[in-house]
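Enquirer: Dropping the structure in here first, questions after.
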Amino acid sequence: MNIKVSTLTPSSAEPAVSSLYPLEEFYARRAGASPIVQTDSDSLDSLSKSYARRGQAALIWAPIEPAAVPEPYRSLLVHGADMTSTLESFHKDRLCVEMLGRHVSGQEYFREVVLRLDQSGRPVEFGAIKMLLDLFPAEARQEILRERQPLGRILTESGLEFSSQPRAYLHLAADDFINRTLGLSGLQFLYGRRNTLVDAWERPLAEILEILPPT
């Protein structure tokens, strides 16, 4: 069994080294946050149940190959499109944003969000995002800071050329915080991805950790 426990210390390393970036930055800042435990896919189930039996809180995750992601999560995650348009097409409803937290460091704007269906309010994604504001057109930058619309819609409506480049896929056992944000309880195994949105010059507009609830 391969286990790695994060110290939850903010890192100055390049984002590409971590499959949980920028979510780990929020956990490092949040008082009482669960430890982040990395394991392998074969051990995820048994390790998570062991933590649960002992009443210990942790966000336990393992990397997973794209081909091993089951449907419908594979169709929702393993692609080169933005998640806003993908989820709106799948659920046949517009998405709205619930802000959970944010912080700014120079031109780096971080936010934690839940994306909800506009009509029912049902949560369909938990996300942690880092954006480089100076790479966005002025109107798009202002709309981002209004914190009303999903990033994918803002980019599409701005006309800014961008592409989606998934870096990693995740299988995880949610901690209490993620369970609460997605309206879940008990031991929940979820799927997600770490994605980079780049502009026409391959500059990283945004680093995004996207986690989906049971569908």
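Enquirer: Would you say Gly152 is buried (at least 17 other Cβ atoms within 10 Å of the Cβ), out of contact with any His (no Cβ under 6 Å at 6 or more places or on another chain) and under 16 Å from Gly192 (Cα atoms)?
Expert: no
Enquirer: Take the conditions touching a helix residue (DSSP H, G or I) at 6+ places or on another chain (Cβ under 7 Å), touching a residue at least 40 places away in the same chain (Cβ under 8 Å), over 25 Å from Asp42 (Cβ atoms) and surrounded by 22 or more Cβ atoms within 10 Å (Cβ to Cβ) and apply them to Ala206. Does it pass?
Expert: On the way: touching a helix residue (DSSP H, G or I) at 6+ places or on another chain (Cβ under 7 Å): yes; touching a residue at least 40 places away in the same chain (Cβ under 8 Å): yes; over 25 Å from Asp42 (Cβ atoms): yes; surrounded by 22 or more Cβ atoms within 10 Å (Cβ to Cβ): yes.
Yes: the conditions hold for Ala206.
Enquirer: If you don't mind, there's one more thing I want to ask. Could you list, in sequence order, all residues of segment 159-197 that are surrounded by 15 or more Cβ atoms within 10 Å (Cβ to Cβ) and without any contact (Cβ under 8 Å) to a residue 12 or more places away in the chain?
Expert: Correct list: Asn179 only.
Enquirer: Counting only residues that are within 30 Å of Ala52 (Cβ to Cβ), give me the helices (runs of 4 or more DSSP H) lying completely in segment 132-215 with at least 1 of them. Don't jump to the end; show me each part of the working.
Expert: Values: elements: 138-146, 151-158, 176-181.
The qualifying helices (runs of 4 or more DSSP H) are 176-181.
Enquirer: I've got another one for you. Given (1) closer than 21 Å to Ser41 by Cβ; (2) loosely packed, with under 12 Cβ neighbours inside 10 Å; (3) at pLDDT 95 or above, where does Arg53 come up short, assuming only one miss?
Expert: (3)
Enquirer: While we're looking at this one, here's another question. Answer yes or no: is there a residue in segment 135-149 that is closer than 28 Å to Ser34 by Cβ, surrounded by fewer than 21 Cβ atoms within 10 Å (Cβ to Cβ) and in contact with a Lys or Arg (Cβ under 9 Å, 6 or more places away or on another chain).
Expert: yes
The values are calculated or read from the model by the stated rules, or taken from the named source; none is laboratory data. Since the structure is predicted, the reported quantities are computational estimates derived from the model, not experimental observations. Heads up, the Cβs are rebuilt from the backbone with ideal geometry, glycines too, and the neighbour counts pull from every protein chain shown.
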